[in-house]
Amino acid sequence: MSAATGKPKSGGAPERRIVPDVVRQHAEQAAFFWAQRDTLMEDDPPDLDVVAGVDRRLEANLDGLRIAGPAAWPFISAAYEDFPEKGELFLYGWIAIELNDDRRLAKAVEFGLQSKDDARGLVGALAWHVPGTIAPLVRDWIGAPDAFKRFLGVSACLGHGVDPKQMLGRLVRDPNARVRATSMRLAGTLKRTDLVNELTGALTDDDEFVRFWAAWALNELGSGDLASPELRKVAVGGGSAAMTALRAAIKAAPDKDVRAWMGTLLRSPETAPLAVRGAGMLGDRTVLHWLIHQMRNPALAAAAGSALLELFPEARNDQDLFSLENDLLGQAIGDYFDGDPPYLPVADRVKEWAKKRELLFDGEN
């Protein structure tokens with residue numbers, strides 16, 4: 001793509017001659033790759049090597065848009081109009097910040113407010129930029145009368161691990177539940193022990209996400225005894241925060257108590273997958289043989305596969321260990337998923353893989 005300059009604009013900024021199809025492709029791919037990255041990071045556990053590869057492709061396309069400069073706007077606007085999803089919002093917000101375009105940044109904030117996913121794309125754009133670039137925005141937003149802007153400001157601090165100092169003490173008591181919940185999470189991330197009383201009080205908040213992030217933060221601050229009941233409740237509830245809650249609940253209590261709780265979960269078909277997944281979070285590799293057994297159970301196979309990847313990250317390197325094929329997964333799994341199973345571990349192959357690496361103990365072969 002050429003960056004050759006044409007006639008200057010009336011404001012003095014040079015217009016850049018571009019190849020429209022190339023710029024359009026950069027815009028579409030940048031939106032796609034960020035959305036893909038965001039989805040991959042939601043995996044449990046995420047494959048960080050794959051994410052790193054997506055990041056490189058994303059940055060290459062963002063470089064192309066940097067070169068195009070303001071000339072890229074028609075393609076970015078069209079992308080959002082055609083498909084107003086998180087990847088397109090990321091792109092819109094990212095380039096508005098990159099080009100210091102206040103008018104379009106205001107539009108991005110408006111789009112974010114209208115989104116149904118807590119403006120993940122716009123929050124992602126703030127996280128992608130270096131702190132120095134967004135610092136003026138964050139300073140304006142974090143104390144703004146508008147609750148959504150305060151949420152964006154706190155989210156930007158969370159994305160970069162920046163401490164807003166005394167302001168955080170106000171934000172954890174914010175009138176807006178979304179701001180409170182994000183501020184609780186930031187307090188835990190930053191290990192703000194001075195806010196323990198506020199976090200403890202928030203365990204009885206009317207909002208479920210505020211209660212959860214207060215419990216999570218308290219656990220990060222070493223008060224797992226206070227946090228455990230709420231964390232276990234959220235984990236068993238099966239919502240969007242269930243896996244984060246499970247991981248925190250395992251950390252919150254002594255190993256003996258956690259194993260007893262998991263034993264209770266195993267006795268119920270509804271919560272058994274949670275216990276199997278939690279086995280991977282315990283860090284005990286001696287459960288491998290037991291996990292392989294769970295892989296033969298259709299209702300537990302997915303959880304067992306995730307636990308395997310957490311305990312043995314090296315298993316990701318052997319793609320033959322997982323499959324979508326009924327013939328490999330077995331009749332029981334095929335029937336359970338009506339012939340269309342998700343990507344699941346193949347128990348026999350995992351067993352052979354473990355034998356070759358001497359990961360199974362005597363009597364488990």
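A few notes on this one:
- Loop-located trypsin sites (Lys or Arg not before Pro) in segment 262-365 whose Cβ has at most 13 other Cβ within 10 Å (DSSP): Arg267, Arg357
- Theoretical FRET efficiency, 1/(1+(r/R0)^6), r = Cβ-Cβ of Gln25 and Thr200, R0 45 Å, to 0.05: 0.30
- Loop trypsin sites (Lys or Arg not before Pro), segment 82-188 (other Cβ atoms within 10 Å of the site Cβ: 14 or fewer; DSSP): Lys116, Lys165, Arg173
- Among residues other than Ala78 with Cβ under 12 Å from its Cβ, the summed charge is -3 (Lys and Arg +1, Asp and Glu -1).
- Given the chain, longest segment not containing exposed loop GluC sites (Glu not before Pro) (DSSP; at most 14 other Cβ within 10 Å): 43-269
- Per atom type, segment 264-334 shows carbon and sulfur on 50% of its accessible surface, probed at 1.4 Å.
- Taking segment 39-140 and dividing mean pair separation by its residue count, relative contact order in percent (alpha carbons under 8 Å, at least six apart): 21
- Chymotrypsin sites (Phe, Trp or Tyr not before Pro), loop per DSSP, at most 11 other Cβ atoms within 10 Å - longest free stretch of the chain: 1-342
- Whole-Hz ³J(HN,Hα) from phi, Karplus 6.51 cos²θ - 1.76 cosθ + 1.60, for segment 38-48, glycine and proline x: 4, 5, 4, 5, 7, 4, 10, x, x, 8, 5
- For the chain, relative contact order (Cα pairs under 8 Å, six or more residues apart, normalised by length) works out to 7 percent.
- Alpha-carbon centroids, segment 319-338 and segment 229-296: separation in whole Å: 24
- Projected label points at Val51 and Asp101, each 7 Å from Cα along the beta carbon direction, are separated by 2.9 nanometres.
- Rg/Rg_ref, segment 176-290, where Rg_ref = 2.2 N^0.38 Å and atoms are Cα: 1.08
- Mean separation of Cα pairs under 8 Å and 6 or more residues apart, divided by the residue count, gives segment 242-365 a relative contact order of 21 percent.
- Other-chain or far-sequence residues with amide H under 5 Å of Phe322's (modelled H): Val346
- A crude spin-label estimate for the pair Leu40 and Ser115, with each label 7 Å from Cα along the Cβ direction, gives 1.9 nm.
The values are calculated or read from the model by the stated rules, or taken from the named source; none is laboratory data. On a predicted model such as this, the values are computed, not experimentally measured, just so you know. Methodologically, a virtual Cβ is constructed for each residue, glycine included, from the backbone with ideal geometry; neighbour enumeration extends over all protein chains shown. These accessible areas exclude ligands, DNA and RNA; they are computed on the full protein's heavy atoms, side chains included. Shrake-Rupley method; radii C 1.70, N 1.55, O 1.52, S 1.80 Å.
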